[in-house]
Amino acid sequence: MNRIDRWFLEHAAPAFTGFTVAGDPDPEASVRVARTLVDAGVDILELGMPFSDPVADGPVIQRADQRALAAGTTPDAVFAIARALRADAGVPIVLLTYCNLVLNRGIGQFYRDAREAGIDGVLIVDMPVEESDGVREAARAAGIAPIFLVAPTTSAARQDGIIARASGFLYLVSVLGVTGTRNRVAEETLAFIRQMRSRTALPLAVGFGISEPEHVASCCEAGADAVIVGSAIVAIIERHLGDEEEMMAALSAYIATMRAATGEAPR
Amino acid sequence: MDSSPRFGHFGGRYVPETLMEALLELEGAFARAQADVAFQRSLSSILTEYAGRPTPLTFCTNTSRNLGCKVYLKREDLLHGGAHKLNNTLGQALLAQYMGKTRLIAETGAGQHGVATAIAGAVLGIPVDVYMGATDIARQGLNVDRMALLGARVIPVHSGSRTLKDAVNEALRDWVASVGDTHYVLGSIVGPHPFPVMVRTFQSIIGEEAREQCLHKEGCLPDVILACVGGGSNAMGIFHRFIGDPVRLIGVEAGGEGLHTGRHGASLCAGTEGVLHGALSYLLQDAAGQIADTHSIAAGLDYPGVGPELSHLTHTGRIEAAAVTDSEALEAFGYLSRMEGIIPALESSHAIAYAMRLAGQLGPDDIMVINLSGRGDKDVGEAALRGGVSG
Ligand SMILES: Cc1ncc(COP(=O)(O)O)c(C=O)c1O
């Protein structure tokens, strides 16, 4: 069974999902960052594959992509980072990437390499389900969950189409906009979570803009099975670029606080 | 959940989920507007009464004598705003109104598309925000001032290479957040479906007029048509009506400092297939799929991708792709200015430069039509800096 499916089967409480750009600030340090996240309590790890033109990302993750690329992080290096993490952790790993990096490698090759690296799910941010026949087939063949986004703008008809084609979990985009931290979780977001909860049994992971413990708690209360935190983690890395010890301490403290906010209440 | 219509295997709709419904809404509205007599009448009226269509097909006496074949220019430089871009922005701004959108955003490279969007927004009373790379702001100062004067807000883009590609990224990011009330006026035949079809449809009037004008003046079709290619909108605009005709169609790309140097913008000549800004097309990328930095003296051609329809027609061989260097374009810039008293945009100068090269293969009765996509006032300063103005 895929590690993502098993995680949701075996755990009653919501998953705290932490994101970091693989290769930020450089490939070796990035492995230490990811290990710190896992040791501090991240239930599911999301790794971003740095891309030159990340149109769905805000300035914080754009800069992380640039740092990673400048440090020589290729897709090969990203798979190597995942492999290094898989060697000593059982945590589910989800890869976030952009379409061109997948097509450039060849769809089949990309998914075979992902499986070999111990990756459990792949989300291609700029590939809607309509264009995804090829990647879903390759994902199935490799035993990797094809993860898809559902946005607040997604119509009911397309929600159904996505639900029918996704596995692992549904990634609910909590805001209209790119990645980046926001002050609060809007009432519409909570309504969106409740509405999706009524439509599917797939686990619901909520992301984009979540940065505070209160955000985590309110999403979980509304029925989220997982919360995803990205930019806030990446911003901590950026703030401590010169001092790795401080960076790791700050990451651990932040993850512990956020993790606690998921509560241990059953989903 | 059908996949979107394509040109061969090129095109598609590779966008973040948040934009999907907006693209489907746009596709539906565009189809309705195409069939709506009232919409077509207002578009046609604003193009003639306001924008100045039809533009002339000018016979160039001096150039024809000098090059040894019949040379015509399709004068999009005479369209209001100074480039072909207004054909598209008036169409899209009217469509935005038709859909009830209350704000326009655009990207711009040379500033011509930004100016054309600012013009359309001003005349139709819709506020406009234009994203422009910091590098382009520095080299296209005149157009930055024109946009401000026309009431648009110019937002500098400091990410990536700070040119056209990054301006598109930033406009897409804005649109993801503002999709409810905002229409993104994409400036070329690139991007996700339906943009490539829609922009080409609005630009096809160039070729429709040119075909009729050539038949009227010469009694026959031209032998060859040339156009510069950035994203490809002026090229597909003039080519489209001639696709079924026995006419050579040549798209001329930015050769920059030479294709062998890697510093160029020639995606048809030197690119490989990939996805950028929502469509599968030829593009310039490294071995791992990161988008390459490009270079051209012409800001409007300084782009690593090209439209999916042009990619397909080049792939099938119907359209020929060529490239000329910065210095050849600069020479053509001066040549046309002196020969005909017409200062071409540096973008359009690429088509002229290739025409000068091609003329050797043509005879005195052969007819060549060059799409003069824009006027070069915006480029005089840049050309002077590079020694392209004197003698
Ligand atoms: C005068 C002119 N010609 C050509 C172009 C290139 O665009 P396209 O290839 O879409 O015609 C531009 C773009 O800014 C332009 O300003």
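The values are calculated or read from the model by the stated rules, or taken from the named source; none is laboratory data. The structure presented is a predicted model; accordingly, all values stated were derived computationally and were not measured. Note that we place each Cβ from the backbone using ideal geometry, even for glycine, and neighbour counts take in every protein chain shown. Keep in mind that these areas ignore ligands, DNA and RNA; they rest on the heavy atoms of the full protein, side chains included. Shrake-Rupley method; radii C 1.70, N 1.55, O 1.52, S 1.80 Å.
Assorted remarks:
- Accessible surface, 1.4 Å probe, highest first, among residues B:MET147, B:MET1: B:MET1, B:MET147
- Shielding by partners, peptide B:60-72 (average Cβ within 10 angstrom, other chains): 0
- Between helix B:85-98 and chain B: long-axis angle, C-alpha atoms, 0 to 90°, nearest 10: 20
- Only Cα pairs under 8 Å and 6+ residues apart enter the sum, and on that basis the relative contact order of chain A stands at 23 percent.
- The stretch A:3-260 - Rg over Rh from alpha carbon coordinates, Kirkwood radius: 0.93
- With a 10 Å cut-off around each Cβ of A:124-135, the average count of Cβ atoms from other chains is 6.
- Across B:MET20, A:MET248, the residue with the most accessible area heads the list, and the full order at a 1.4 Å probe is A:MET248, B:MET20.
- Percentage relative contact order, chain B, counting C-alpha pairs under 8 Å, at least six apart: 20
- Accessible area per residue in Å² at 1.4 Å probe, computed on chain A: 35
- Accessible area buried at the B-A interface, both sides summed, 1.4 Å probe (Å², nearest 100): 2900
- With both residues required to sit in chain B, DSSP beta bridges show an antiparallel share near 30%.
- Cα centroid separation, the stretch A:1-73 to the stretch A:221-267 (Å): 11
- Net +/- balance of residues flanking B:GLN285 in space, Cβ distance below 11 Å, scoring K and R +1, D and E -1: -4
- Average Cα contact separation per residue, the stretch B:75-163, under 8 Å, 6 or more apart, as relative contact order %: 26
- Distance from the stretch B:104-124 to the stretch B:130-192 (C-alpha centre basis), Å: 9
- The accessible area of B:LEU226, taken with all protein chains in place and a 1.4 Å probe, comes to roughly 0 Å².
- Surface composition of chain A: carbon and sulfur make up 52 percent of the accessible area, probe 1.4 Å.
- Prolate/oblate/rounded call for the stretch B:135-196, Cα gyration tensor, a/c under 1.5 rounded: prolate
- Accessible area of the stretch B:337-391 belonging to carbon and sulfur atoms, whole % at 1.4 Å probe: 51
- Here the protein assembly as shown carries DSSP beta bridges of which approximately 20% are antiparallel, counting only pairs with both residues inside.
- Accessible-area value, A:ASP120, 1.4 Å probe, nucleic acids and ligands omitted, Å²: 10
- Axis angle, to the nearest 10 degrees, between helix B:37-46 and the longest C-alpha principal axis of chain B: 50 degrees.
- C-alpha long axis of helix B:346-358 to longest principal axis of chain B, angle in °: 40
- Taking Cα centre as origin and charging only the Cβ of basic (Lys, Arg, +1) and acidic (Asp, Glu, -1) residues, the dipole magnitude of the stretch A:59-151 rounds to 240 debye.
- For chain B, a Gaussian network of Cα nodes joined below 10 Å ranks B:GLY180, B:GLY12, B:GLY237 by mean-square fluctuation, and the top entry is B:GLY180.
- Long-range lysine pairs (8 or more apart or interchain), the protein assembly as shown, Cα under 18 Å: 5
- Members of the stretch A:154-190 that become less accessible by 50 Å² or more once partner protein chains are added (1.4 angstrom probe, chain alone as reference): A:ARG158, A:LEU176
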